[in-house]
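The structure appears right after this line, and notes come after that.
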């Protein structure tokens, strides 16, 4: 069993004192039994015993047998007492940790919340709570963190509770409240949480110095705790401490799963600054992710708040894309790969790379063509069959309709259109009407795409329908997060000329929230282009589209979720 460190009890006595007292009692018991054994052995060889044996009593054998029984029993009893002592010490250590670390941490969090409530209500108890906070801090046995880290089991238990403490948002609010901190704590930072952070780091340094780095388990929670402690405790580390953490990252940290590792920003930057070995291993680790195509982990690395990690990951991603003649610069914004953002909830890289790999396995060169000729960056949005058909027929001048989506989508709502697009494709292609997909990333690019398509196919075939995907409100639809096309824009001569790109009386389906309100932008588009426009009156999404044909002209029945459809024909509600 791993030795239990010398913890300090709430009354300032030491666990070592308890251990010494109990081991002393065992030693007294051993001495007593050995003395009893030795007395029997001495008696077995006495003159009196020899006379009895000569008379046939065999007294010597009886005494020796009793002494053997005492010795055997002593061995069993002492082994059991030592085992019992280890159990008692373990139980006692758990009790000490509970009383001197865990309960004070919980109490401190409660005080912080009570203080926040009291201050908000201008309650006079605020000062009393402040005194109580100081009392808890003074009675906290921080040294138990340092010595506790020497024991693997205690270290794991402490790590869990300390992480929970640091994860309470009220802690950081309390620092701001009591000490006037900003989010960037300076070297004069004082306060209970900061002292805890310092103690954690001291515990880590002590643990490694007394043993070595190989004794540290590959516990993501421990590295997370070290990272949080570095974030709170901003004083400069000395060279030896930097070396310890750099070596720890080189030997253990770099092999953590990337999701957790990518959040160890301080540790990564510290190790990269102090250990060439770490930087080399980090590059190899990222290279392995590309070899095994672990796109989700690569996504985490690209978005890491560590500039070192994100730079390496993005550079290797750019190199990887070059084999398909693609450049990361053209896709990074659309895929929302923002270094320093942390781990986003959307896995744009993962889904796009999986789609790119699949498409390229079917049609080498397809993704470069779809991007350069049609501006498609979000490959993941569209059915494989539709993209492959578009690539195969890109130079064929056939009747077609257009799916036209913005590159930028803050809530991934356009990802949910794949089934609807696939349905429309199957209904129209069977009637000789092709589908082309294009994407735009600005107002200028939107109209440029329409001009390009008309220049390429418009001599014989005009656009028969448009499925337009862009976030919207009553009077605008967005081309980017900061740029939009408004209802008033359709008064201009240039915009009106777009009518020449459409077949007569085209139909337009708006995947654009609230644009179908009467008097809104959808009605204006219908009037400007003498088109049938289907649009929702509230924020919603397209649920289903049914296509029918009359003299080879497609007509659409559009169903939005929540039944919020308005249909306009040449500017009038149908």
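Readers should treat all values here as calculations from the given coordinates under stated rules, not as data from a laboratory. Remember, it's a predicted structure, so these values are computed and weren't measured experimentally. In this analysis, Cβ positions are derived from the backbone assuming ideal geometry, glycine residues included, and neighbour counts consider all displayed protein chains.
So here's what we get for this one:
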item: FRET E, pair residue 452, residue 110, Förster distance 60 Å, beta-carbon r, rounded to 0.05; result: 0.40
item: With 5 Å bins from 0: P(r) over segment 59-114, alpha-carbon pairs, percent; result: 4, 16, 11, 10, 9, 9, 8, 7, 6, 5, 5, 4, 3, 2, 1, 1
item: Calculated P(r) of the chain - Cα pairs past 32 Å, %; result: 64 percent
item: Residues listed by number, segment 71-88, amide nitrogen under 19 Å from residue 95 label point at 7 Å toward C-beta; result: 81-88
item: Cα centroid separation, segment 241-263 to segment 1-54 (Å); result: 48 Å
item: Separation of the residue 64 and residue 397 label points, Cα + 7 Å toward Cβ, nm; result: 11.9 nm
item: Cα gyration tensor shape of segment 415-574, rounded if a/c is under 1.5, else prolate or oblate by comparing a/b with b/c; result: rounded
item: Unit Cα scatterers, Debye sum, segment 232-365: log10 I(q)/I(0) for q = 0.11 Å⁻¹; result: -0.41
item: Rounded Å value of the spacing that divides the Cα centres of segment 543-574 and segment 422-479; result: 16 Å
item: Sequence of 80, 295 once ranked by neighbouring C-beta atoms within 10 Å, starting from the fewest; result: 80, 295
item: Overall dimensions of segment 326-418 by Cα: Rg and Dmax, Å; result: 13.7, 46
item: Whether segment 214-310 is rounded, prolate or oblate, judged on the alpha carbon gyration tensor where a/c under 1.5 counts as rounded; result: prolate
item: Between helix 239-251 and the chain: long-axis angle, C-alpha atoms, 0 to 90°, nearest 10; result: 70 degrees
item: Ascending count of other beta-carbon atoms within 10 Å, so fewest first, for 69, 207; result: 69, 207
item: Spherically averaged projected area in nm², based on the convex hull that wraps the Cα atoms of segment 1-97; result: 7.3 nm²
item: Cβ-based exposure ranking for 260, 164, in which fewest neighbours within 10 Å come first; result: 164, 260
item: Principal axis dimensions, segment 186-267 - Cα atoms, whole angstrom, descending; result: 34, 30, 19
item: Per residue convex hull volume, Cα atoms of segment 377-451, in Å³; result: 88 Å³
item: Anisotropy class of segment 239-280 from Cα gyration tensor, a/c 1.5 cut; result: prolate
item: With Cα atoms, 0 to 90° folded angle of helix 443-457 axis to the chain main axis; result: 60 degrees
item: Binned Cα-Cα distance frequencies in segment 428-485 - 10 Å width, integer %; result: 19, 46, 27, 8
item: Helix-only mean residue ellipticity at 222 nm for the chain, each DSSP H run of n ≥ 4 adding -39500 (n - 2.57), per residue, nearest 500; result: -17500 deg cm²/dmol
